[in-house]
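Below you'll find the structure, written out as structure tokens, and then a few comments.
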Amino acid sequence: MASLRTGRTLPLAILLALSLGACVGAGESSSGRASALATTVSRAIACKAGSPQRSTLDRFLAAEKARGADDRQIAAARAAYVGVSEAEMVNQGVRPQACTAGERTALRERMGRIRAGNFDAL
């Protein structure tokens with residue numbers, strides 16, 4: 001019976017995960033920028049166009065703090081990054097999306113900037 005419930009709730013969870021980026025997303029808020037970072041990193045990993053450094057999230061949060069984010073905004077940004085990353089991982093596992101050569105090239109360039117600590121273009 002539990003697997004039946006899981007089978008029914010999984011599509012709902014996937015739909016919610018798809019909309020998470022849109023809910024947290026757009027704008028110049030720390031949460032929006034964290035969502036954009038998580039989406040970029042997740043897509044780059046899926047496309048084999050680069051991977052983040054272990055310190056990427058911490059460096060991003062430090063950059064947000066330098067931009068004037070308060071502790072509440074930093075906590076929200078961390079939660080947004082983790083939530084969107086997990087949702088992207090689930091989505092890619094359930095419904096993989098192919099990468100074009102152009103997308104891979106663009107992601108490599110963006111990941112190069114992210115790895116260098118430049119989060120301004122998010």
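Values as computed for the structure displayed
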item: Of all residues making up segment 56-73, the number that are of a type in the set (A, V, I, L, M, F, W, C), more than 15 Å from the chain's Cα centre (by Cα) and part of a helix (DSSP H, G or I); result: 3
item: So ARG33, is it part of a helix (DSSP H, G or I), surrounded by 13 or more Cβ atoms within 10 Å (Cβ to Cβ) and among the charged types (D, E, K, R); result: yes
item: Unique match (being assigned to a helix (DSSP H, G or I), of a type in the set (A, V, I, L, M), open to solvent by 70 Å² or more (accessible area, probe 1.4 Å) and in contact (Cβ under 8 Å) with a residue 24 or more places away in the chain) among MET111, MET89; result: MET89
item: Test: residue in segment 77-97 that is within 17 Å of ARG113 (Cα to Cα), out of contact with any Asp or Glu (no Cβ under 7 Å at 6 or more places or on another chain) and among the hydroxyl-bearing types (Ser, Thr, Tyr); result: no
item: Matching residues in segment 42-55 - criterion: being over 20 Å from GLU109 (Cβ atoms) and part of a helix (DSSP H, G or I); result: none
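The values are calculated or read from the model by the stated rules, or taken from the named source; none is laboratory data. A quick note: this is a predicted structure, and the numbers were derived from the prediction, not measured. Because the Cβ atoms are built from the backbone with ideal geometry, glycine has one as well, and the counts that use them run over all protein chains shown. These area figures cover heavy atoms from the full protein model, side chains too; ligands, DNA and RNA do not enter into them. Shrake-Rupley method; radii C 1.70, N 1.55, O 1.52, S 1.80 Å.
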